[in-house]
Amino acid sequence: MNGEYSGIDPAAMDDFERGLGRAEDTLGRNEPLIRRALERLDLDTSGLSALRETRSWIETGRPDLRRRSETIRKEQTGWGASPGDVPAGPVAFDEALYGKAARDPDVYAATTRLAEAARSGEIDGKALAELEKRTGDATFAAALMNALGATRFRRLMTDTVGPGREDDKRAKRLQTALGRTLGTAGSKLGEAWYDELTSDLDPAEKAGYTDWKRGYATVLALKHGTFGSAFLLTIAKRIDACDRQAPLHPNVMADLMGALGRDPAAAQDFFASDPSALKHYLTERSLGDGGEALGKALEAATLTFRDHDGSPDRPSRGYLSAKLASEFVHLEAERIANGGDSFVKPVSTGRILAGYVGDIDHSARKGGDAVVPGVRGADYPYLPGQDPWSAQFEKEELHRVMKEAFVDPGAFAPVLAAQTAFTGLLLNHGAAEMSKGRGNSALLADAKRIGSGFGMITDAAGLAKIEEGKELDEAQTRNMKVLTAVVNTGLAIPQKAAWPIGAGVIGAWTGLLEDSLKGDAEDRARGDANAAVDRTRVLLHDLTAQAMLKHGLFGSAEPPDKTHPWASLEGMRRGEDPRKNPNNFLEDDGRTLMPMDKLVDEKAAGGPDDRRLEAYERWLYGGLSGKPWQDVEDPLDQGFTNGFARHGA
């Protein structure tokens, strides 16, 4: 036995431990008897202290002996491939590793098997299964990471990637298990451990080149684990610094952005704490994945936190979100003007813009903000409550970014859906003001803002200036289908009671449009097929009528006042339930317009049945909606048309 290794025979160790147990019991029973006998004879008892010390030493040492025996058994059979009993005879026991493993049998066994895997390039299946069972155990995870050390951990991760490993399922499992274990250990590991993890990534002495597998291995740990935001940010900054000195493989940085995309706080801090980071990744560093990972990270950084807390001097996360969104549009516009390619997937650009659609409307109506990038704190007067911090946009820059992104209908759809939802929110408040006797000034002001927003958005999509009879190009055709789908599903898009919206809500709205696009959207279009202004005006009318119905501006439903839709249904007899009338176009509450898939029954036996749609249009436009609609229709249309016309429609 030396200071590092000992040879331990588990069977002999067990016998020895049991013998010590018997000795402990014997000393425990007999020492008091001997002491009392000597005391009766008035003899010196000081020598008996050696017996007590011996018993105390045995009592203290036996648990460690049992742990050592258990450790060997765990290593040989619990975590090893050896079936049955532990092999007879002495077994090499690493005293130094035992100390690093915090005297934990499972940690010792895991470290030993992983060290063997590092040498051989293969992990034993039983050891891998045992590791997978414990990835969520914080005590085990921290002890294992400390026993392995960051360098060995990274080497293990490195061995799971590269040529020949693409289809190695066991290597993928090990990769995942190690990443999850590191994530569980998290903050229990010291700063020195994380310094060591990234130390080999420093390219200063590598002639400008860093082994990409090392960086990739580190990032893969982030991919599979769940980490605290502070830890993730620290690692991300270190890898970013290495990549800027000597570029790593694009997969490394793409997976890094993927990890940031799953942690909005870390993503925001990564881009907000370094003034050069956003420009670097938008204009200088392509990740080779079509912009998927960077787009997700930017969505997380700009859409998750929306508030009006703090101040420009002490910015909240909501302030930083708006600031990053403004910088994003500004930098993307500069890139486009300089002829550079986009490093962000268009759909991510669309989602970010959708989250700031109120600011798009503001820019379209006002002509843009004087300071960009920047953050605006003033509230819109015709919405209740306090607005979140708003992103400032220069109108031409914003239009340039939208125009490039909207070539992909996946980018156009979320912006148009968000504009529809925001329109419904504005109109609902305007109708509420009317119901309280405060006039229609809010509704009419909203119409101008809405018209400007729709005009700018559809113009960027190539739909606002279509010449009569001119054939649409491929992108315009796709976007016109999206616009038609929005008109057809606008009433089904739920308007949240509060603004702003997050990525999850945007995704849900986009899903509604995708469902509509699966059908024959063109067959259900209303208005001139070549005039986006007509289609969006139809949508404006639908949403306005819905808002006015909701707030009772067309009178009572039961019994129906003369301007209420149920009073206009043809074929109604006194006492009949209007809900059962084949021409009814309201839901059972008498205050909600049916969505298009109910207004037009595509599956009717004799072909599409649009009686409900005809009844709705007869009521709204045929004079049956009366003075409530007549008082708002013309000024509503005028404000909308003026706003839309600012963009050349």
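The values are calculated or read from the model by the stated rules, or taken from the named source; none is laboratory data. For clarity, every value in this text was computed on a predicted model and none was experimentally measured. Every residue, glycine as well, gets a Cβ built from its backbone with ideal geometry; the counts of neighbours run over all protein chains shown. Ligands, DNA and RNA are excluded from the accessible area calculation, which covers all protein heavy atoms including side chains. Shrake-Rupley method; radii C 1.70, N 1.55, O 1.52, S 1.80 Å.
Sorting the segments 274-286, 247-259, 547-559 by their mean number of nearby beta carbons within 10 angstrom, highest to lowest, gives 247-259, 547-559, 274-286. Averaged over its residues, region 534-649 has an accessible area of 49 Å² per residue, based on protein heavy atoms and a 1.4 Å probe.
On a 22 Å Cα-Cα criterion, which of the cross-link pairs Lys188/Lys296; Lys598/Lys627; Lys133/Lys296; Lys126/Lys172 come out too long? Those over the limit are Lys188/Lys296; Lys598/Lys627; Lys133/Lys296. Pairs exceeding a 24 Å alpha-carbon distance, out of Lys237/Lys279; Lys403/Lys481; Lys323/Lys448; Lys366/Lys436: Lys323/Lys448; Lys366/Lys436. Please state the shape class of region 387-440: rounded when a/c is under 1.5, otherwise prolate if a/b exceeds b/c and oblate if not, all from the C-alpha gyration tensor. Since a/c reaches 1.5 and a/b is larger than b/c, the shape of region 387-440 is classed as prolate. Taking only the Cα atoms of region 337-399, the ratio Rg/Rh comes out at 1.01, with Rh defined as the Kirkwood radius.
Say R0 is 60 Å: what FRET efficiency, to the nearest 0.05, do Phe16 and Ser311 get from their beta-carbon distance?
For R0 = 60 Å, the calculated efficiency reads 0.25.
Once the Cα-Cα distance is subtracted from the 0.36 nm per residue extended length, the Ser286 to Arg244 segment shows a gain of 13.9 nm. Kindly identify region 567-649 as rounded, prolate or oblate by the Cα gyration tensor criterion: order the square roots of the eigenvalues as a ≥ b ≥ c, call it rounded if a/c is under 1.5, otherwise compare a/b with b/c, prolate if a/b is larger, else oblate. It comes out oblate by the Cα gyration axes. All other residues with a Cβ under 15 Å from the Cβ of Leu636 taken together, and with Lys, Arg as +1 and Asp, Glu as -1, what is their net charge? Result for the neighbourhood of Leu636: -4. Carbon-plus-sulfur accessible fraction, region 122-201 (probe radius 1.4 Å, protein heavy atoms only): 44%.
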